[in-house]
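Just below is one structure, and these are the notes that go with it.
The values are calculated or read from the model by the stated rules, or taken from the named source; none is laboratory data. Keep in mind it's a predicted model, so treat the numbers as computed, not measured. Cβ placement follows ideal geometry from the backbone for every residue including glycine, while neighbour counts extend to all protein chains displayed. The area values use the complete protein model at the heavy-atom level, side chains included, leaving out ligands, DNA and RNA. Shrake-Rupley method; radii C 1.70, N 1.55, O 1.52, S 1.80 Å.
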Amino acid sequence: MIGNYSARLTGSKRNLLALLASSVVFSAGCSNMSSTAPAVNSLSTAATLSGKVHGGNQPVIGAAVTLWFAGQGAPAILAATTTTDSTGSFSFAKDTAGGHDGTTSSWSCPTNVGSPLVYVLSQGGNTQNNGQVAQTNSAAAFMALYGDCNSITGANFVYMSEVTTVATMAAVQQFFNPADHSLKADGTGQQRLIMLNLPNTVTILADAATGLANASKSLSATGGGSIAPGVALTATPETAKINTLANIISACVNGADATAAACGSLFSAAVPPTPNTTNLNGGNFPTATDTLQALFYILTNPTNSNTTNLSTLFGLQPAVGAPYVPSLSAAPTDWTIGVSYASTGASNACGTGNFISSPTDVNIDALDNVWFGNAQTGGNLSAISAAGAPLYCVNFDAGASATGGTIDANSVGPNNYSPNVWFAGPSTMYRYNPITKATLAFPVGVTPLAITADGAGNVYFTAVAGTTGSLYTLPAGATTPTAVTAVQISNLLGANPVRLMADNTSGTPPLSPGNIWVSSGAGFISQVTPTATTGAGVMNGFLTTTYSAPLGNSYGISLDHNSDVFISAVDSGAIIQLARTGTAGAATWSPAGGNWPFSAPATAGINGPTGIAVDGRANTWIPNSGSPSLSEISFFGPNALSPATGFQKDPTFLNASKALAIDQAGNVWAIGTGNNFVTEIVGGAVPVYQPYAVGIANGRFQSIP
C-alpha cells in the first residue's frame, strides 16, 4: 500500500491515476503540482513514450524535451527531441528502424551496448501559462527516468514536476554531471545493473501515478530470493523534506524567466560541493543556472556550507499556498533524504524469527542487495533487495547471532564470482550462497564476534575469552565443499575486537592472504599478517603487530582503496587514520599527516561512533550510537561534512546506530541493535565497489565502481 494524498483528487482523476499506476513498470517521476493530475494525456498513444511537464501551478508550454540513453563508460547519447504542447504534454515514438540522430521525436534502442537506462530532460518553456509564445524560463529544468531501454513500452508515462525531479535527483545524484545534465556510469555490466535499478529508488520517494511524494509504501516479498511470501516492508521517506525542496525550486520555476529574484536567491544559496566529495571530481563547480544544477548542489552539499545559505533556501518556500504539502515548518539542519524500512507484526514473521529484529551488521552484495543479521534468539539472516523489497530471510541457528557478517570472494571461474554470505550463531559459523541457496555450517567452538573475508577465499572471525581477544581463520572457507576447522592465528587482540577488515596488500590476483586489521576496544588496533617467521607475536603462520590509535577506545575500522586504515574512538568520538606507504609486500603504516586525526567530533555531530565505513573517495561515514544521526568527514583536511547535529533524523529513522555500509549507487544503509528498521540515506555518499572481498580479488577494492 502506498500512503499519499490522492484523496484530494476527484473520483474520475483517481480512476485515471489507478489505470496509469497499473501499467507503470520502471517509470519514475510522474508528478502533478499541488493536487491535480492530468485528465487526459493529449499526445499519448499505444506506440509512444509520453509524459507531461508541470511547474508551479501551471503546465510548462514549449519546453525543449530530450530523451537520453545513460552513458556506459562513454558519454550519454541523445536519443530524441521534441517540445511540450499547450497542456505541457510530449511524446516520443519508438521503432526498430534505427538510424536516428536524436533530432526528431523517433528513437530506437542502441544495439552496440547493453540495454541502457533511458531518461528524459525538460528545459525552458513558458511556466506561467499566460499565452506569451516567446516567453521562456531557461532556469526551469526537470528530469525523470523511464527505465531499461529494452523493457519500456508505450505504457511508461512520466509526469515531470518539482517533486519527481527532487526524487529523481536524489536517486541519480552520484551519476549526474551538472555541466550537461547527463547520467553516466562506468562500462562494467555490474554498474549498468545498478543504474537500471535507480527508477525503483525514485518510486519509493514519489508515486509514479499521482506525482506526489509518498507518505509510505508497502513492499512485499519478491521472487528470486528465499523468504516467506507474507513478509512485507513499509518504506517511509522524509516526505516533508522532499516537498520542501520541491517548493523551493518551484519559486524559481514560477518566474517568467531566469532573471526572477527567486532564481537568483536559489542559485546563490545552492553552494556547490567541495571537490572529492562526489562521484564527479572535475574540480570546482560553477554557480548553478537552472533548477537541476541547483538541486544537485543542494543534495551533494546538504548543509549548503553554512546556516545562512540553508535558511535562504528554506525561505524560498511560500509561507502560504505552497504547491506541495505537508512540508517542513522550520528549516532542517541538512537536506539529506532518508528512508526507513520497517517490518512489524505478521508482515515481519519469517516462519522462525523475524525479518528485522535488532540487526547487528550490514553488508552489500554485487547487485546492491542489503544483507543483515538479527540479534534476536532464533535470529535470521535477512536481505532487502536493491529495489527495497524483502528478498531473503534464512534461519540457521536457534541462538542469537553474533555481531558481524560478511560477503566473501567465492570464485567459480576466472573473474567470475558467486559470493557467499556469512553469519554466525553462538558457536557456529554459517556460509550461505544466495544463488544455490546452499548452507554449510562450520562448528568453531567459540562465539564469533566479528567476521571478514579476503580476496583469496579465506574467512576470518574474532572471539573473546575473558579479556583475551583472538582471531581465527577458516582457510579457503569460501570454496571448501565441506566444513574446515578454524585455526587460531592471534591471541593478542584487545578485549573488544568488534570490527575487522582485510586489506588489498597481497597483490592482484591475491594468491595469499593479506593483512587483517582489528579494533580492540582500547587505544590500539592490531594488524595480523601472514609470515614465514617464528618468534614473539607469531601464531600458526601469522604475526600480530600493534599500532597506536590514540584519543580513545577503538571500535569501528575501515579501509580505503589505498589500504589506508580509518578507526573510530567510541568514547571520545575521534576518527584516526593510519596512512599506508609502499607497495604490496613492503607496505608500512604511520599516522596520517595534515589535520589528522579528526579530534573535533562535535563539529560533525559525532556521538559514540561505531562501525564506520569509507566511500569511494575515502570520506568517512559514521553511525552514531549516542544520537539519531549519521556523520561524515572528508578525506582531505579532514573537515566536517555533516553539521554539528550530524545528519539528524527522527528516532524512527535512526536510533543507536551500530553499523553502516555504502552501496554502488551511493546510498548509505544503517542499522541499530534494538531496532526493527533499517535506514537508507538516498545517494548521500560516493559509490563504492561491492562486495569489498571481491574488490580485493579483482583489483577494485574500495574504489568507485
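Things to note:
- Residue separation of A483 and T344 scaled by 0.36 nm, minus their Cα-Cα distance, works out to 46.5 nm of gained length.
- Debye, to nearest 20: dipole size of the chain, +1 on Lys, Arg Cβ, -1 on Asp, Glu Cβ: 580
- Computed from the C-beta positions of A387 and T652 and an R0 of 25 Å, the FRET efficiency is 0.70 to the nearest 0.05.
- Close Lys pairs in the chain (alpha-carbon distance under 26 Å; sequence gap of 8 or more, or different chains): 13.
- Accessible surface, region 126-203, averaged per residue in Å² (probe 1.4 Å): 27
- Positive-end residue of V113, P497, L212, charge dipole of the chain with Cβ unit charges: L212
- Dimensionless Rg over Rh [region 142-218; C-alpha; Kirkwood]: 0.96
- Over region 54-192, relative contact order from alpha-carbon pairs under 8 Å, at least 6 apart, %: 27
- Spin-label pair T377/A532, simplified geometry with 7 Å Cα→Cβ offset, distance in nm: 5.2
- Zone of A465's modelled label, taken as backbone nitrogen in region 424-459 under 16 Å from a point 7 Å along Cα→Cβ: 427-428, 444-449
- The local environment of A213, defined by Cβ-Cβ distances under 13 Å, has a net charge of -1 under the rule Lys, Arg +1 and Asp, Glu -1.
- Distance between region 296-310 and region 592-629 - C-alpha centres, whole angstrom: 19
- Net lengthening on full extension, L367/N698 (0.36 nm per residue, minus Cα-Cα): 117.5 nm
- Relative contact order computed over region 277-399 (Cα-Cα under 8 Å; 6+ residues apart), in percent: 14
- The chain - percent relative contact order, Cα under 8 Å, separation 6 or more: 10
- Label-zone membership for region 313-346, site N129, 7 angstrom Cα→C-beta point, backbone N under 19 Å: 318, 321-325
- Cβ-Cβ FRET estimate between V320 and T289, R0 fixed at 41 Å, reported to 0.05: 0.90
- Taking only the C-alpha atoms of the chain, Rg followed by Dmax gives 25.4, 87 Å.
- Potential lengthening of the chain between A644 and K437 amounts to 70.0 nm, from the contour at 0.36 nm per residue minus the alpha-carbon distance.
- Surface exposure of region 463-548, expressed per residue as accessible area with a 1.4 Å probe, stands at 40 Å².
- The C-alpha atoms of region 419-569 occupy a region whose extents along the principal axes are 46, 36, 30 Å, arranged from largest to smallest.
- For the chain, with all protein chains in place and a probe radius of 1.4 Å, 55% of the accessible heavy-atom surface sits on carbon or sulfur.
- Accessible surface calculations at 1.4 Å, restricted to protein heavy atoms, place region 260-330 at 40 Å² per residue.
- Charge tally for N200 (other residues, Cβ to Cβ under 14 Å; Lys, Arg +1; Asp, Glu -1): -4.
- Region 596-705 shape via C-alpha gyration tensor axes, a/c threshold 1.5: oblate
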